[in-house]
Amino acid sequence: MRIAITGNIGSGKTTVGDYLRSKGYEVVDTDQIARDVVKPGEPALNIVRETFGDQVFHEDGTLDRARLASMVFRDAKLKAKLEAILHPAIWEKVERITSDRKIVFVEVPLLYEANWQDRFDYVIVIVADDHIRLERILQRDRSTELEAKAKMAAQMPQEEKALMADFVVDNSGDFSHTKKQIEQILKDIGGSHEKD
């Protein structure tokens, strides 16, 4: 069983993933996989170089992720090009990791944007009030309020994602409240006794 955890920036996906790990579940982080598939020697890295040129690389041959991110953030066509390179490579790795597991959670921040929702048995969307998300982004990223709000505005509204989800977890309040919601979901999907 493959279960997606998604949600917008600052909603608390990582916190939920960490809690599931603490309970003995396997949680795959696609952000980490996205970093892995562009390491030196990976096929996707060569395609990135062919597509975007040497300007997005450091002198040591590693990808200048910040430079590339700033380029694609401003240009929808470039963003689509990058996703066309990365998404298949990321998904191939996700499939390899999850294929023989009884139950595995996969953190996918851009699940709906990538149109991957049908590849999962269940989708859990983590939501939180906008002002709380803003506060978390400011604390975590040390960005300005303007930058944080731009990041929030660039994503599909969390209300839309919640409507498409199998389960919604409200992570606005105390984490004990969040934990209760997760425990209920585990009961509903029958995962409380299938950790391997």
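Which of the residues that make up region 123-135 are under 21 Å from Ile5 (Cα atoms) and surrounded by fewer than 18 Cβ atoms within 10 Å (Cβ to Cβ)? Asp129, Asp130, Ile132, listed by residue number.
Just to be sure before I move on: is Ala69 surrounded by fewer than 19 Cβ atoms within 10 Å (Cβ to Cβ), within 27 Å of Asp129 (Cα to Cα) and among the small types (Gly, Ala, Ser) in the structure I sent? Answer is yes for this residue. Tell me whether region 93-102 contains one or more residues that are within 22 Å of Val56 (Cβ to Cβ) and over 12 Å from the mean Cα position of the chain (by Cα). Taking every residue of region 93-102 in turn, at least one turns out to be within 22 Å of Val56 (Cβ to Cβ) and over 12 Å from the mean Cα position of the chain (by Cα). Based on what the data block shows, is Gln32 free of Cβ contacts under 8 Å to residues at least 24 places away in the same chain and under 13 Å from the mean Cα position of the chain (by Cα)? When the stated conditions are applied, Gln32 passes them.
Contact annotation: residue pairs with Cβ atoms under 6 Å, 6 or more positions apart or on different chains, pairing a residue in region 111-122 that is buried (at least 17 other Cβ atoms within 10 Å of the Cβ) with a partner that is at pLDDT 95 or above and hydroxyl-bearing (Ser, Thr, Tyr), are Leu111/Thr6.
Taking region 128-170 as the range and being among the polar types (S, T, N, Q) and more than 16 Å from the chain's Cα centre (by Cα) as the test, the residues that pass are Gln139, Ser143, Thr144.
Only residues that are surrounded by fewer than 17 Cβ atoms within 10 Å (Cβ to Cβ) and either touching a residue at least 12 places away in the same chain (Cβ under 8 Å) or of a type in the set (Phe, Trp, Tyr) (or both) were counted in region 40-64, giving 7.
The residues of region 144-195 that are under 30 Å from Ala69 (Cβ atoms) and among the polar types (S, T, N, Q), listed by number, are Thr144, Gln155, Gln158, Asn171, Ser172, Thr178. Do we find a residue being out of contact with any helix residue (DSSP H, G or I) (no Cβ under 7 Å at 6 or more places or on another chain), assigned to a loop (DSSP other than H, G, I, E, B) and of a type in the set (Val, Ile, Thr) anywhere in region 29-43? No; the residues of region 29-43 include none that is out of contact with any helix residue (DSSP H, G or I) (no Cβ under 7 Å at 6 or more places or on another chain), assigned to a loop (DSSP other than H, G, I, E, B) and of a type in the set (Val, Ile, Thr).
The values are calculated or read from the model by the stated rules, or taken from the named source; none is laboratory data. Predicted, not measured: the structure shown is a model, and the values here were computed from it. Because the Cβ atoms are built from the backbone with ideal geometry, glycine has one as well, and the counts that use them run over all protein chains shown.
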